[in-house]
Amino acid sequence: MITLTHYLAVGGLLFCIGLFGALAKKNAIAVLMGIELMLNAVNINLVAFNHFLQPAQVTGQIFAIFVIVVAAAEVAVGLALVINIYRRRLDSSVDDLDWLKW
Amino acid sequence: MPEVNTLVFWLLAIITIASALAVVFLKNIVHSALYLVLTFVGTAGLYILLNAEFLAAVQILVYAGAIAVLFVFAVMLTRRGDIRASNPFNVNYLAAGVVSLALFVIIALATGRMTWVGVSGQPPKSNVGAIAEAFLGPWAIPFEIAAVLLLVGMVGAILVARGGKGEE
């Protein structure tokens, strides 16, 4: 029998993989991919809580849709930033984004 | 039926986790982007198992469709040099691994000793209908704000990607 804990385990594992990707990758696009994995993990948890604890309501799914909306806006702006930085520096590595360091 | 559900759950969980690991650990960022699509599809399958069919459709459309295409576009517009080694780790990967593992251990311990208290009830007959009533009822204002956020995000992305005047 699959319980809420199984879904939470999958979500937690996915979140930690995404966190590792976001922290340890050099390419800015790969960092954004890690953030997307983390947002997906949160969505799994929201829908699982909704299904197991409050099956009569859809509040968890509503929140998941809001997360998807915010993720879409975030990734559009983030990739636009990456493209613009690439045009100035000819590089998309986060190690070299040192404009604030002096 | 429960046995089938269990089997499908494990299959989808393995697909999702394995392709997420492939996203992080593969050397070629194009392959990472393709495995990202597989992760999103696996997540959509989990949503279907959780009786959230509408959300699964949204997931396929928005994540596996639009966001994946955005990622591939960004890779195409920014890549130069050797594509086969285009997704390296940076200098803090050891610290990042320790932090992620520690976080996972904490999450596992916390969820393992928790007992969840829920309210029993019948799921709504029509998922789409229930979501529509929620969006146009109690969640109407956040719904409108989300629309404004998407518009602002889109316009901002265009402005940022195009750059200012006289930069070319």
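Table for the structure above
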| quantity | calculated |
| --- | --- |
| Checking A:ASN45 against (1) facing chain B (nearest Cβ under 7 Å); (2) open to solvent by 30 Å² or more (accessible area, probe 1.4 Å); (3) modelled with pLDDT of 90 or more, the condition it does not meet | (1) |
| Of all residues making up segment A:54-89, the number that are closer than 15 Å to B:LEU151 by Cα and polar (S, T, N, Q) | 0 |
| Residue within segment B:47-59 that is touching a residue at least 40 places away in the same chain (Cβ under 8 Å), within 23 Å of A:LEU79 (Cα to Cα) and buried (at least 22 other Cβ atoms within 10 Å of the Cβ) present | no |
| Failed item in (1) more than 7 Å from chain A (Cβ to nearest Cβ); (2) within 28 Å of B:LEU70 (Cβ to Cβ), with B:TRP139 passing the rest | (1) |
| Pick from segment B:76-94, criterion in a helix (DSSP H, G or I) and more than 15 Å from A:GLY34 (Cβ to Cβ), ranking: least open to solvent (accessible area, probe 1.4 Å) | B:THR78 |
| Single condition A:LEU23 does not satisfy, out of (1) more than 17 Å from B:SER100 (Cβ to Cβ); (2) open to solvent by 10 Å² or more (accessible area, probe 1.4 Å); (3) touching a helix residue (DSSP H, G or I) at 6+ places or on another chain (Cβ under 9 Å) | (1) |
| So B:VAL69, is it loosely packed, with under 11 Cβ neighbours inside 10 Å, out of contact with any Phe, Trp or Tyr (no Cβ under 6 Å at 6 or more places or on another chain) and not small (Gly, Ala, Ser) | no |
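Conditions tested, residue by residue: (1) touching a residue at least 60 places away in the same chain (Cβ under 8 Å); (2) facing chain A (nearest Cβ under 8 Å).
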{"position": "B:VAL62", "(1), (2)": "no, yes"}
{"position": "B:MET76", "(1), (2)": "no, no"}
{"position": "B:ALA96", "(1), (2)": "no, yes"}
{"position": "B:PHE104", "(1), (2)": "no, yes"}
{"position": "B:ILE107", "(1), (2)": "no, yes"}
{"position": "B:VAL117", "(1), (2)": "no, yes"}
{"position": "B:PRO123", "(1), (2)": "yes, yes"}
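The values are calculated or read from the model by the stated rules, or taken from the named source; none is laboratory data. Here the structure is a predicted model, which is why all the values come from computation and not from measurement. In this analysis, Cβ positions are derived from the backbone assuming ideal geometry, glycine residues included, and neighbour counts consider all displayed protein chains. The accessibility values were calculated without ligands, DNA or RNA, using every heavy atom of the protein model including side chains. Shrake-Rupley method; radii C 1.70, N 1.55, O 1.52, S 1.80 Å.
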